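The structure under discussion appears below in the form of structure tokens.
The values are calculated or read from the model by the stated rules, or taken from the named source; none is laboratory data. What you see is a predicted model; the values in this text were computed from it and never measured. Glycine gets a Cβ as well: all are built from the backbone with ideal geometry, and neighbour counts include every protein chain shown. The accessibility values were calculated without ligands, DNA or RNA, using every heavy atom of the protein model including side chains. Shrake-Rupley method; radii C 1.70, N 1.55, O 1.52, S 1.80 Å.
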Amino acid sequence: MEKRWISLFVENDIGVLAKISGLFAGKAYNLESLTVGMTEDETVSRMTIRLKSDDETFEQIKKQLNRCVEVIKVIDFTNSPIHMKELLFVKIRKCSKGDMEELYRIAEVFGVSIIDYDPESVLMECVQTESKNNDLINLLSSDFKTIEVVRGGSVAIESISKTEW
Amino acid sequence: MKQVRGTSLLVKALREEGVDTVFGYPGGLVTDIFDELYLQDAIKVILPRHEQALVHEADGYARSTGKVGVCLVTGGPGATNMVTGIATAYYDSVPLVCLSGQVTSNLIGDDAFQEADIIGITRSICKYGVIVNERKNLGKILKEAFYIARTGKPGPVLVDLPKNIMVELGSDDYPETVNLRGYKPSTKVHIGQLKKAVDLLKASQKPIFLIGGGVNIAGASAELTKLVDLTKIPVVTTMMGKGSIDTKHAYYLGNVGMHGSYAANMAITECDLLFSIGTRFSDRVTSKISEFARKAKIVHIDIDTASISKNIKVDIPIVADAKEAIEAMLKYVKEHDTTEWLKQLETWKASHPLTMQNNQGLTAKKILDHINETFNDAIIVTDVGQHQMWTTQFLELNENMKLLTSGGMGTMGYGFPAAIGAKIGNQEKQIICISGDGGMQMNIQELATAVAEELPVIICLFNNSSLGMVRQVQTLFYEKHYSSVCTRRRKACDLRCSGSSDQCPVYSPDFVALAKSYGAEGIRVTSDKEIGTAFEEALKNTKSPTIIEFIMDKDELVLPMVQGGKPLYNMILEY
């Protein structure tokens, strides 16, 4: 079982998201995250899908997706040079003064913006790769008691230079 | 520009698509469409008695004619009743366009009367499903629906029609072309891959052709026969592929799979090259995957990329239409020396021919033998169960004798309505439905449809007072715990009895009387001596269906049988 990434171009129509997520559910494929949004062409939406599967199942998933009338193009991003980022918000509450200082330091090191706060709380906005976001969440949850996390799932696009990930 | 109602454009679309028959059941959300159909004569409307049967009728019509079957039902229960029919057609790749009424657009989501999210409900059992969101898209959507249903790997397409859109005025243009960027079915064969496959074929000592339903759907029987005649390579079929080559052809070994012939299953096991065309390697065909064709290299030609290397990993995949692929192959193949291999196959055939455990009295084989001897231009339609397996074992097929059966979904209740659909599409042909007493009662109400349409379908009802296939499994694998399989059981019976006997309460219903109450004919046959006369009597009835009820032994088993999960060569041959 390996982690895989698919970028999917679909018709921007009613029910297409349900069709794609239903396909994963109905065939017991292991869907980990799915983001969707309109592209420069408003009739086309683009999904970034993270899933876990073995090689054979992955081949089958791509074929099943391709088979859907609503699917325009399936791109396997797993081994392509891409830029991929995930939006993450973390709210930390019930902070002491020392906690606040620590949080500002963490924000600086991780390249995270603090976009809102009050004397006891901090709201961080983080646009990083998924694994960096995981690191941040791990750190925060071990050091702070009251944290609230919301993450958007990754979006990805092919690199121009074809070298950078 | 001429402005017409949606209903008028719909009827125009049906005519342009060459539709001559619509299977329709009216209701509140489609009354406008039925009104439009009332005003014309070009399209005949058949009124079935239940929407599930309605879809099976359109399915039988489509399978037997190659045309797209058209269903028209109302929303809510009308639409949800179609679900089993749609799934059945989807699994066997049958082209259907299913039109369902929907509540007025601005009521959708309000839990309005007879509102059902039928697109959502059928999403995983349709090739494509779409709701008409605006009147201006109606023509385009209908055009695409027919195109998607009939091209590539065919399948059912559902179009949901909100009531307001069908009465709204708009253009009467019906587009001539389709341009779907996400759907470009390719039928052409990759010659490089094909040559590689042919090279493997030439290098093999024990090759075998495995032919699936795709060859029947592609109408490639003549090409397949040529290929076999030319190469002298033996052939086995899946249940859905049966009839793609004359069953009396010298190189034909029978069906493979759970109830396949011994020779066919052994041929798969021992071959060194499995050349498969138009099959999706269902678990009923392969049984235990790791043991399936374990000594063979595998070539797989299929129109559906997703069918290739899904269950069975193949060495040479070829995505193509079966007919185009076989036609192309004919240019590269030559006669193969298969003498030794054929000798081996003949030995298997002779040592374990298909037979019944009991040859005394009234048996399925005797009835099917009679059909083989009597009819030379017929379509045989089965339901699902033991009778279906015996039919696929013993029925002889050729270019004028065809078989329709529910394969992938195994839908009880399919047989009789599908036979009605086949008769409507093939008035000149004899249609014979073979059913069991279980499946027949799942759509028995269609006797009314057949009587109304004056369809002389002969129904061979194999009545063994049991749900025979499940009973067989209980006999073999559940220590004869006959749980809920006796169709003669009454409240007063012992729950754990071993099955019906002469002392049991009478069977309900009385099928002969029931047939007559519908205005059909009914004949009861209890002895093998009466088979011939019963068919003679049935053939005299040219205005309505005839049920021939054969009273049969409940203990007869369909053999060989491969238990689910066991290797294909591990067959139960006798009991």
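Of the residues screened, residue B:253 is not one that is surrounded by fewer than 24 Cβ atoms within 10 Å (Cβ to Cβ), in the same structural domain as residue B:325 (by TED's automatic domain parsing) and in contact (Cβ under 8 Å) with a residue 24 or more places away in the chain. Would it be correct to say that residue B:167 is more than 22 Å from residue B:32 (Cβ to Cβ), open to solvent by 20 Å² or more (accessible area, probe 1.4 Å) and not basic (Lys, Arg)? The answer is no for residue B:167. Applying the set (1) in a helix (DSSP H, G or I); (2) more than 14 Å from chain A (Cβ to nearest Cβ); (3) open to solvent by less than 40 Å² (accessible area, probe 1.4 Å) to residue B:247 leaves exactly one unmet item: (1). Which pairs have Cβ atoms under 8 Å, sit 6 or more apart or on different chains, and link a residue in the range B:550-575 that is open to solvent by 70 Å² or more (accessible area, probe 1.4 Å) to one that is among the acidic types (Asp, Glu)? Within 8 Å, the pairs are B:569/B:291. Here the strands (runs of 3 or more DSSP E) wholly within the range A:5-86 that include at least 1 residues being touching a residue at least 40 places away in the same chain (Cβ under 8 Å) and facing chain B (nearest Cβ under 8 Å) are A:71-76. All of B:498, B:544 fail the test of being in a loop (DSSP other than H, G, I, E, B), over 30 Å from residue B:561 (Cβ atoms) and of a type outside the set (A, V, I, L, M), apart from B:544. Counting only helices (runs of 4 or more DSSP H) that fall entirely inside the range B:256-347 and contain at least 3 residues that are away from chain A (no Cβ under 14 Å) and more than 19 Å from residue B:197 (Cβ to Cβ), the qualifying elements are B:262-270, B:283-286.
Looking only at residues in the range B:184-223 that are touching a residue at least 60 places away in the same chain (Cβ under 8 Å) and within 14 Å of chain A (Cβ to nearest Cβ), which one is most open to solvent (accessible area, probe 1.4 Å)? The extreme case among them is B:186.
Residues being in a loop (DSSP other than H, G, I, E, B) and surrounded by 11 or more Cβ atoms within 10 Å (Cβ to Cβ): count how many of those fall in the range B:485-495. Count: 5.
Here residue B:181 fulfils each of the conditions (1) charged (D, E, K, R); (2) within 14 Å of chain A (Cβ to nearest Cβ); (3) within 22 Å of residue B:68 (Cβ to Cβ); (4) without any contact (Cβ under 8 Å) to a residue 40 or more places away in the chain apart from (3). Residues that are among the small types (Gly, Ala, Ser), assigned to a loop (DSSP other than H, G, I, E, B) and open to solvent by 50 Å² or more (accessible area, probe 1.4 Å) do occur in the range A:103-121, at least one of them.
One residue alone among B:419, B:448 is surrounded by fewer than 24 Cβ atoms within 10 Å (Cβ to Cβ) and assigned to a helix (DSSP H, G or I), and that residue is B:448. Quick test of your reading of the structure: residue A:92 fulfils all but one of (1) open to solvent by 80 Å² or more (accessible area, probe 1.4 Å); (2) outside any helix (DSSP H, G or I); (3) among the β-branched types (Val, Ile, Thr). Name the failing condition by number. Only one criterion is unmet by residue A:92, namely (1).
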